[in-house]
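Visitor: Shown below is the structure under consideration.
Just so it is clear, none of the values below were taken in a lab; they were calculated from the coordinates. All figures in this text were calculated on a predicted structure; none of them were measured in a lab. Please note: Cβ atoms are built from the backbone with ideal geometry, for glycine as well, and neighbour counts cover all protein chains shown.
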Amino acid sequence: MRRRVLVTRPEPGASATAARLIERGFEPVVLPLTEIVAVAPAQLPDRIDAVVATSANAFRHAPASLLEQLQNVPPHVVGAKTAEAAGRDVASVAPDARTLVEMLLRRLPPASHVLHLTGRVRRPDLKRALEAEGHSVAEIELYDARAAEFSADEIGTKLGARPFWAALVYSQRGREILSGIVAAAPSSFESTIFVCISAEAAAGLNGRRTAVAATPDEAGMLARLAELDQRAATSG
């Protein structure tokens, strides 16, 4: 019997993840806990020396007029998906936000003005790290992660009768919402392993079995899942 894995990321990524899980021999159940929606951006600052983006959603939901204004400033991004979503040449691609900051600190002239294309919910680390070194960081919000709305019947139908072997947790916001579902349907998550994109996403799952990806992306999560699957198969 295939191991059931709950996919909690928003669409369109959730269906793509489900297809990857099927290829790997799992039984995915898609339950997007958030919906990514565009928000009206603030006006761009007068001076922009560098543009950064840590999520492909920044480019997917940015108005064309805003991107046009930034066309002469190649962005520094996190991840290949973000670089692809940019739809143009990028200045650099880093595997995670921490590495991106390190790259920027090596490349930026002193007291540079950095524009961060970001979401409404974000971590402050990038801004703090750059400002601590004398740079200015303006943040333009382009999207928001809204909680998906499900009735109790819809959730029950989605979860099904068999418990989950694993659940993929992509963000702190997703974990918060999932925690409520776990509390409402404990029998579905009695022995579930929560495979999380980061330690921050895992925080708050107290008393639950958690596993954190080696790299903060889906590739890292799926690699961790495969590792756990192999371990479980070996132990019998």
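Visitor: Report, for the range 76-172, the % of DSSP beta bridges that are antiparallel, rounded to 5.
Guide: Percent antiparallel among DSSP bridges in the range 76-172 is about 0.
Visitor: A further question on this structure: Tally Lys and Arg at +1 and Asp and Glu at -1 over the other residues with C-beta under 14 Å from the C-beta of S187: what net charge comes out?
Guide: In short, +1.
Visitor: Now for a separate question. How would you rank 187-197, 100-110, highest first, on the average number of other Cβ atoms within 10 Å across their residues? Walk me through the intermediate numbers first.
Guide: Numbers: 187-197: 19.3, 100-110: 14.8.
Put in order of decreasing packing, that is 187-197, 100-110.
Visitor: Considering amide H positions built from the backbone, and no H for Pro or chain starts, which residues 5 or more places from A148, or on another chain, come under 5 Å of its amide H?
Guide: Answer set, sorted by chain and number: T34, E35.
Visitor: Would you calculate, for the chain, the mean residue ellipticity at 222 nm contributed by helices, counting each DSSP H stretch of 4 or more residues as -39,500 (n - 2.57) and dividing by all residues, to the nearest 500?
Guide: Theoretical 222 nm ellipticity from helices: -11000 deg cm²/dmol.
Visitor: All other residues with a Cβ under 15 Å from the Cβ of R106 taken together, and with Lys, Arg as +1 and Asp, Glu as -1, what is their net charge?
Guide: -1
Visitor: OK, next. Per-residue counts of other Cβ atoms within 10 Å, averaged by peptide: what ranking do you get for 165-176, 215-226, highest first?
Guide: Highest to lowest by the protection proxy: 165-176, 215-226.
Visitor: For the range 36-145, divide the Cα radius of gyration by the Kirkwood radius and give the resulting Rg/Rh value with two decimals.
Guide: 0.92
Visitor: Would you be so kind as to identify which of V195, N72, T17 lies farthest towards the positive end of the dipole of the chain, taking Lys and Arg as +1 and Asp and Glu as -1 on Cβ and the Cα centre as origin?
Guide: So the residue furthest toward the plus end is V195.
Visitor: Hey, if you put +1 on the Cβ of every Lys and Arg and -1 on every Asp and Glu Cβ in the chain, which of A232, G174, G87 ends up farthest toward the positive end of that dipole?
Guide: A232
Visitor: So, with +1 on the Cβ of K and R and -1 on the Cβ of D and E, and no other charges, what is the size of the charge dipole of the range 167-220 about its Cα centre, to the nearest 20 debye? Provide the component values of the computation, followed by the final result.
Guide: On the way: 4 positive and 5 negative charges, 28 e Å.
Once rounded to the nearest 20, the dipole reads 140 debye.
Visitor: So in the chain, what percent of DSSP beta bridges are antiparallel if you round to the nearest 5?
Guide: Given both bridge residues lie in the chain, the antiparallel proportion sits at roughly 15 percent.
Visitor: Give me the net charge for the shell around A161: Cβ to Cβ below 14 angstrom, other residues only, Lys and Arg +1, Asp and Glu -1.
Guide: Once all neighbours under 14 Å are counted, the net charge is +1.
Visitor: If you don't mind, there's one more thing I want to ask. Under unit Cβ charges (Lys, Arg +1; Asp, Glu -1), what dipole magnitude, rounded to 20 debye, does the chain have relative to its Cα centre?
Guide: 620
Visitor: Between the range 182-236 and the range 35-91, how many Å separate their Cα centres?
Guide: Cα centres, the range 182-236 to the range 35-91: 31 Å.
Visitor: Further question: Tell me the label-point distance for the pair R120, Q69, using the 7 Å Cα-to-Cβ offset, in nm and rounded to one decimal.
Guide: In this crude spin-label approximation the distance works out to 2.1 nm.
Visitor: OK, next. Suppose a student asked you for the relative contact order of the chain, using Cα pairs under 8 Å spaced at least 6 residues apart; what percent would you report?
Guide: Once divided by the residue count of the chain, the mean separation gives 19 percent.
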